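Below is one structure, written out as structure tokens, with a few remarks after it.
The values are calculated or read from the model by the stated rules, or taken from the named source; none is laboratory data. Everything numeric here is computed off the predicted structure, so don't read it as measured data. Note that each Cβ is placed from the backbone with ideal geometry, even for glycine, and that neighbours are counted across all protein chains shown. Surface areas here come from the heavy atoms of the whole protein model, side chains and all, with no ligands, DNA or RNA. Shrake-Rupley method; radii C 1.70, N 1.55, O 1.52, S 1.80 Å.
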Amino acid sequence: MRGSGTPVTGWCRPRRQRHPSPLQSAGGLLMPRPPSCVFIVLTQARSFMTASRPARSQPKEVDGVAVPSPSASVVLIAPTQPGTTTPDGYNYRSLLLQRHAKSSTFVSAHVFPGGNLDAADKDSAWKSLYSSSTVVDSSDLALRLCAVRETFEESGVLLVEDDEDSSGKKGHEVWASVPEQERKQWRDKVHSQASSFVDLFKFLSEKSGKPCRPALSQLQYRGNWVTPRINSRRFDTHFYVAVLPPAASTSSSTTPGGEAQSSSTPSSFSESLVSHDGKETVKAEWVTPPQAIRRTLGSSNADEPPIILFPPQFYLLAELMPYKSYQSLLLPPTSSSHAPIIRPRQVKPFEPEIAFIPSPTPEDPGRVRPATVLPGDPLNSSTEDLLRSLGIDVQSKAEKELFKLRRHRTYVVLPPKKKGEKPPPGMRVVGVHRRGMKDLLGSGWEDMKHGEIVHDSGRSLDNVDKAKL
């Protein structure tokens, strides 16, 4: 039984929109059970295999469905100083930016830096610069440039390839040697006109005496989330992860207004180069994965104020929790590598659907829990398409058993919607459950379970012998 309902929010903010949509306070976790059904999927996804990266010339709508805007975002990993760890035992942290309360999307939420693809990201000057590269595929060159540019605009972090110049300085050191005021001027200039980004690298090339390029080779593709087609504003967001280079010493980050933001955790990345933009974001915070998850779920620690994470951000941080050392995420170093690179994994586009999961109790046998179900979950309508694309016989006895046992979902609180209003702009995550995805997509998709989820009797499928099913 399918119909219309409250959609998932866009996964990446639009570029400098001017029409705020205030986030309404999330209601209670539990919702009345829909009558005469076990579950209801409220969003009809596109076919899983037809997810595309629409060109800028495409219309905004096709058959009444909004075309998703291609966008990119970066999970930045900053190592702590050698030999040091955070209070919870991690030797790295990740950057989160808090969105403005009057933002048009992700209102007051914490997000990774990122934004929409711009025509400047397809400038022919970039293609000629990377034409001889064997690391970056030309098909995603523009998206990677978008990720680096938007990260610079929103956080001040400039990812530069670490080739040494004539004086022995690495790329990020060349940028760090630029006076702070001049760095800010370049950031403001790129923020106002994206086409200035290539000019910045021409400037750095002249300064270093050899070509300086955006560090596209350091970006490891991590995920692709597509806003459901029921939304009027949709985004096809590509998430990358990158490890930041070390710096000589630790310092405090500063806001555009010069106000220092102190950090109690030592980091080897120079925080003086990192700040929110004072326009779309109001705070920049370095957090460990468990700290971000605790603060989203409601930490009892007074020093950990609550934050809002939406499904993609919660999901991507939760899957980092088993890795206390950033080195355990990396590919083995090679003689030709200049910077640490995260191990790759297979990525498929995820277009979530909303389902109500039965969660009965003796007091309330009709209780259900709302969740965003992802491809691979038995409640997502595109799961069979995914299985067929992977060469799996969906009619086999073994697969029918595995199909029922897999889980791929985030549990959420849906924002309330007033009569006559458009769907609200987001939801709060309260848990994530992934089981059996490694069996489908391979390494990097191990089981995980955090927060408030619907418990079942299913076991881990990482080592299931399908021959015995």
Is it the case that some residue within the stretch 145-159 is β-branched (Val, Ile, Thr), under 20 Å from Ile341 (Cα atoms), at pLDDT 85 or above and not in a helix (DSSP H, G or I)?
yes
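Conditions tested, residue by residue: (1) within 22 Å of Tyr315 (Cβ to Cβ); (2) under 19 Å from the mean Cα position of the chain (by Cα).
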residue	(1), (2)
Ile342	yes, yes
Thr361	no, no
Pro378	yes, no
Ser381	yes, no
Asp385	yes, no
Ile392	no, no
Ser396	no, no
Leu402	yes, no
Within the stretch 287-313, residues being more than 15 Å from the chain's Cα centre (by Cα) and farther than 23 Å from Gly444 by Cβ number 13
Residues of the stretch 99-140 being open to solvent by 40 Å² or more (accessible area, probe 1.4 Å) and modelled with pLDDT of 70 or more, which ones?
Ala119, Lys122, Asp123, Ser124, Lys127, Ser128, Leu129
Within the stretch 314-371, count every residue that is in a strand (DSSP E or B), open to solvent by 10 Å² or more (accessible area, probe 1.4 Å), within 17 Å of Glu446 (Cβ to Cβ) and in contact with a helix residue (DSSP H, G or I) (Cβ under 8 Å, 6 or more places away or on another chain).
0
Specify the residue that is modelled with the lowest pLDDT; the eligible residues are those in the stretch 184-228 that are of a type in the set (Lys, Arg) and surrounded by fewer than 19 Cβ atoms within 10 Å (Cβ to Cβ).
Lys210
Result of the Cβ filter at 6 Å on the stretch 201-215, keeping first residues that are aliphatic (A, V, I, L, M) and partners that are assigned to a helix (DSSP H, G or I), at least 6 apart or interchain, is Leu204/Val174
